[in-house]
1. Among T520, V437, P29, pick out the residue whose Cα is farthest towards the positive end of the charge dipole of the chain, where Lys and Arg carry +1 and Asp and Glu carry -1 on C-beta, about the Cα centre.
2. In region 97-314, what is the volume of the convex hull around the alpha carbon atoms, normalised per residue and reported in Å³?
3. Give, as a single signed number, the net charge of other residues whose beta carbon lies under 13 Å from the beta carbon of E123, with Lys and Arg counted +1 and Asp and Glu -1.
4. For I539, I77, what's the fewest-to-most ordering of other Cβ within 10 Å of each Cβ?
5. Mind scanning K128/K532; K128/K238; K186/K423 and naming the pairs with a C-alpha gap bigger than 29 Å?
6. Can you give the Kirkwood hydrodynamic radius for the chain, in Å, rounded to one decimal and based on Cα pairs?
7. How big is the charge dipole of region 279-437 about its Cα centre, in debye rounded to the nearest 20, if each Lys and Arg gets +1 on its Cβ and each Asp and Glu gets -1 on its Cβ?
8. Can you work out D for region 331-540 in µm² s⁻¹ from Stokes-Einstein, where Rh is the Kirkwood radius over C-alpha pairs, the temperature is 4 °C and the viscosity is 1.567 mPa s?
Amino acid sequence: MTYAKLSINGNRFRLQTEYRFRTIPKSIPGSNWSDAKQLWLIPLGLENYQSLIAGYEDAGINVEMTTEVEQYIQSAIYKQETLESIIANGHERSPHFREGLYNYQRQGIHYLTVAKRCVLADEMGLGKTVQSLWAAKVIATEIGSPCKVVCVVKNNLKPNWVAEIAKWLPKAKVWVLDGSTKAKTKQLEAVPDDESGFIIVNYEGLRDLPKLQKRKDIDILIVDEAHYLGNRKSQRTKAVKKLKTDYAFFLTGTPITNKAEEFWSLLNILEPSLYGSYWRFMEKYCELRHNGFGLEVVKTHSDKLAHDLRHMTLRRLKKGARGVLPDLPDKTYQKIYVELTPQQKEMYRQAIEDLSVKISGDEVIDISSILTQLLRFRQITVSARTLDDNIVEKKNNKFEFVKYVLESTAPEDSLVVFSAFRKPLRHLARYLVDARVLTAQDIALYDGESELIDQFQAGKKRLFLGTIKKAQGFNLHRASRCIRLDREWTPAENEQAEDRLHRIGQKENVTVYDLIVRGTIDEIIEETTNEKSELFKSIFDNPKMLERVITSGKTIV
């Protein structure tokens with residue numbers, strides 16, 4: 001006798017049916033057959049449910065479903081209708097709705113509300129924040145009773161989140177936990193039990209607030225820059241894991257920064273029933289070998305990993321065949337090779353000699369001393385003064401290129417310069433002022449001050465100087481040219497920085513200039529970051545991951 005029984009397990013449908021009817025659930029992206037349990041696990045979603053029911057009806061089979069499934073479908077339909085209502089009347093809540101939402105953003109909002117616990121991995125610049133905020137709004141409308149949302153963000157991005165909530169949900173309550181642990185504890189205690197709103201806390205703040213971790217009235221968790229949870233043993237990861245919520249949205253344009261196994265940490269928090277074992281994950285998706293010290297990954301099964309992650313990861317790209325913003329201007333890269341000055345060459349030669357002496361000696365070398373020496377190589381290629389403020393540097397060829405770009409473009413054309421180090425940016429500012437290319441008032445030397453971003457975007461500053469690590473969560477699309485004096489070892493951080501320019505609102509083609517010194521650590525970093533980027537693209541820009549993308553970029557409001 002043919003049969004099909006549908007229930008819910010975590011954030012998947014659980015389908016018990018005869019294996020000979022496998023073509024029906026197999027056609028749904030992200031579906032997996034469990035040999036151990038003899039059933040299908042299918043990603044939650046209204047479209048998946050409709051495809052499943054239609055397939056079995058065509059085969060003449062009635063699907064028996066639990067009350068939980070029926071309630072879920074009613075909820076999904078309600079959320080879809082609520083989203084349409086909110087969008088239709090959005091201008092009454094926020095004047096910014098006049099700018100419109102894109103089709104892919106609407107799809108993203110609905111996906112978050114029905115997937116419940118998932119990763120929104122859209123490429124940087126596609127508006128993950130606004131999608132998560134409106135998904136929270138839809139869910140809060142359905143819940144009806146007081147709904148609290150905890151937003152875990154980087155400390156320097158708290159003002160950005162406050163501003164985004166005020167922009168899109170101006171009537172929403174916001175509580176920011178800031179200051180000492182004692183101060184944050186008092187602020188948390190002052191949050192009323194009977195009010196809906198957003199609690200904003202940084203990673204370290206959450207770690208220091210066990211009362212927040214154990215709080216029972218949190219309905220939704222939003223984690224910004226969720227790749228910071230990639231270390232499964234870190235205190236910040238353990239703190240986020242303690243928050244128990246029905247809904248959890250992990251936002252990151254770069255779910256993997258170095259190694260594929262980092263993603264397990266996110267999956268373990270979102271769906272521990274499926275991803276409870278780290279080593280089972282590693283054995284399934286990676287080839288391992290023992291190198292004498294421990295196990296290392298020799299290969300990642302990118303296609304399989306991309307296929308299996310589709311049920312809880314939504315990834316869209318800005319450009320390309322599957323891009324959701326085909327009208328967004330292009331982004332191009334130019335390598336600019338420069339020479340070290342004689343002063344830098346001598347310093348670099350001496351640094352190599354110092355390292356050679358350490359390696360050739362009989363003493364055991366502390367790995368930290370090697371890393372310190374590598375850091376020294378990087379600093380020298382940017383500026384001799386990075387090591388010592390007292391060094392007199394009469395000429396710097398990387399600084400000269402910045403000077404050349406400023407002098408060869410119109411005075412109203414702005415420029416962004418990034419470096420891994422703050423000190424050379426300060427020296428660059430002085431270098432340009434001394435050369436009378438700019439005045440001090442023309443330069444925004446950014447160290448987390450939101451007012452400098454506003455001034456640059458308003459055209460009051462021509463040059464923006466910032467470190468790569470702090471270039472997250474804000475817009476610099478007034479500029480279309482970006483110069484990287486050097487790179488970080490992690491490609492995700494480099495891309496985060498450049499995509500401050502290449503995002504919604506950009507009107508010009510964006511050019512990124514990479515300044516590289518041949519035969520130095522600059523080339524080693526370039527090669528390493530390129531390899532890491534290929535690994536990331538093989539998983540998250542894989543066609544298997546991008547199958548359900550809506551490619552229309554038209555405004556729907």
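1. P29
2. Taking only Cα atoms, region 97-314 has a hull volume of 132 Å³ per residue.
3. On the way: positive: K128, R315, R316, K318, K319, R322, K331, R503, K537; negative: D122, E495, E498, D499, D541.
Residues near E123 contribute +4 overall.
4. Details: I539 24, I77 12.
Exposure proxy ranking, most exposed first: I77, I539.
5. Numbers: K128/K532 23 Å; K128/K238 24 Å; K186/K423 37 Å.
Correct reply: K186/K423.
6. In the chain this quantity evaluates to 25.8 Å.
7. Numbers: 28 positive and 22 negative charges, 139 e Å.
The dipole of region 279-437 has a size of about 660 debye.
8. Working: Rh = 18.1 Å.
The calculation lands on 72 µm²/s.
Throughout, read-outs are computed from the coordinates displayed, never taken from laboratory work. These numbers come from a predicted model, not from an experiment. In this analysis, Cβ positions are derived from the backbone assuming ideal geometry, glycine residues included, and neighbour counts consider all displayed protein chains.
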